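Q: Below is one structure. I have some questions about it.
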Amino acid sequence: MSRTPPMADATPSDCERIIIVGAGGFGREVLQWARHAWPSDAHKIAGFLSADPDKLNGHATNLPILGSPEDFVPRPTDGLILGIGIQRVRREVAEQLQARGGRFLTLIDPTAIVADTARVGQGTIVCPYAVVSDAVRLGQFVLVNYHSSLGHDAAAGDFTVLSPYATLGGAARLESDCFLGLHASVSPNCVIAAGSKVAMNSCATVSIANQSLVYGVPGRVVPRLTVSQ
């Protein structure tokens, strides 16, 4: 399921600086959730990384953009948070920063319900009011957006994104780099193979092959010759 090399664990308490990678709308949301999750370490949040130095203009934050992800070199004591919501960019940017020694933090909002038996990979973000149920397995850099859920024994591979209100049924599995749109759902026991997408308000009721698209209810499955999200 994973192509991403294992990372050394990083926690807010062992970081001198916390930096959000991405300064768009999702990155700004991540700032709020990080402050909520880590009140005693929130003062360590130093700023954002973005290729656009004006990305935060007009938004209510006094934190700076510290550089571009393309050339930023993290310090050994930095902790990074992957605040990029665009599916096709997430892996590329994270792996570039890892190659320069970047350590990524795992962020779980305190309002989320995460079972004691669940396994959450490094760099993953579990947003407010999400549910990660019994024996769920989340890979590295998974994004479980607000009010989304994974039923018992479900799994989500590296760099998978569950949009708000997306639902993964019991024992269903998303392989790496999959995307579930707003209110998308996957039936129990189904496997959504790597790089596939379930469109907004759609339901996948059967297992599908790599790079497929599911749309509608019940879901129709079509191959995707190119990935554009």
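Read-outs throughout are calculated quantities, based only on the coordinates presented, and are distinct from any laboratory measurement. None of the values given here were measured: they were computed from a predicted structure. Don't worry about glycine lacking a Cβ; one is built from the backbone with ideal geometry, like all the others, and counts go over all protein chains shown.
Q: Taking amide hydrogens as modeled 1.01 Å from N in the peptide plane, which residues meet the under 5 Å criterion relative to Ala184, leaving out close sequence neighbours?
A: Close amide H contacts, sequence-distant or interchain: Ala166, Thr167, Asn201, Ser202.
Q: As an exercise, use a Förster radius of 41 Å and the Cβ-Cβ distance of Glu70 and His152 to find the FRET efficiency, rounded to the nearest 0.05.
A: Working: r = 41 Å, r/R0 = 0.99.
The computed FRET efficiency comes out at 0.50.
Q: Once amide H atoms are placed 1.01 Å from N in the peptide plane, what residues at a sequence separation of 5 or more from Ala135, or on another chain, have their amide H within under 5 Å of its amide H?
A: For Ala135, whose amide H was placed from the backbone, the distant partners under 5 Å are Thr117, Ala118, Asp153.
Q: Let me ask another. Hey, can you rank 210-216, 176-182 by average C-beta count inside 10 Å, highest first?
A: Values: 210-216: 18.0, 176-182: 23.4.
Going from most to least packed, we get 176-182, 210-216.
Q: Just how many % of Cα pairs in the stretch 88-145 lie over 15 Å apart, if you round to the nearest whole percent?
A: Details: 840 of 1653 pairs.
Percent of Cα pairs beyond 15 Å in the stretch 88-145: 51.
Q: Now for a separate question. Express the C-alpha Rg of the stretch 15-105 as a ratio against the empirical globular expectation 2.2 N^0.38 Å, rounded to two decimals. Walk me through the numbers on the way to the answer.
A: Working: Rg = 12.0 Å, N = 91, 2.2 N^0.38 = 12.2 Å.
In units of the globular-protein estimate, the stretch 15-105 measures up at 0.98.
Q: While we're looking at this one, here's another question. Report the extension gain between Thr77 and Tyr129 in nm, rounded to one decimal, defined as 0.36 nm multiplied by the number of residues separating them, less their alpha carbon distance. Working shown, then result.
A: Values: separation 52, 0.36 × 52 = 18.72 nm, distance 3.02 nm.
Gain in length upon complete extension: 15.7 nm.
Q: Rounded to whole Å and sorted largest first, list the principal axis extents of the Cα atoms in the stretch 108-215.
A: 33, 22, 20
Q: Give the Rg/Rh ratio for the stretch 6-68, taking Rg as the radius of gyration of the Cα atoms and Rh as the Kirkwood radius, to two decimals. Don't skip to the answer; put the middle values down first.
A: Working: Rg = 11.9 Å, Rh = 12.3 Å.
In the stretch 6-68, Rg relative to Rh is 0.97.
Q: Can you give me the C-alpha center-to-center distance between the stretch 159-199 and the stretch 59-101, rounded to a whole angstrom?
A: 25 Å
Q: Taking one equal scatterer on every alpha-carbon of the chain, how large is log10 of I(q)/I(0) by Debye at q = 0.15 1/Å?
A: For the chain at q = 0.15 Å⁻¹, log10 I(q)/I(0) is -0.94.
Q: Let me ask something else. Would you kindly derive the ³J(HN,Hα) couplings of the stretch 174-190 from the backbone phi angles with the Karplus curve 6.51 cos²θ - 1.76 cosθ + 1.60 (θ = phi - 60°), listing them in order in whole Hz, with x for Gly and Pro?
A: Values per residue, Gly and Pro as x: 9, 7, 4, 6, 8, 9, 10, x, 4, 6, 6, 9, 10, 5, x, 6, 7 Hz.
Q: Among 132-140, 70-78, how do they line up from the highest to the lowest mean number of other beta-carbon atoms within 10 Å?
A: Highest to lowest by the protection proxy: 132-140, 70-78.
Q: Grab the beta carbon distance between Arg100 and Val206, set R0 = 41 Å, and tell me the FRET efficiency rounded to 0.05.
A: Details: r = 41 Å, r/R0 = 1.01.
After rounding to 0.05, the efficiency reads 0.50.
Q: Then there's this: Report, in deg cm²/dmol and to the nearest 500, the calculated mean residue ellipticity at 222 nm for the chain, where each DSSP H run with n ≥ 4 adds -39500 (n - 2.57) and the sum is divided by the residue count. Display every interim value, and only then the final one.
A: Numbers: 2 runs with 26 residues, N = 229.
So the calculated ellipticity at 222 nm is -3500 deg cm²/dmol.
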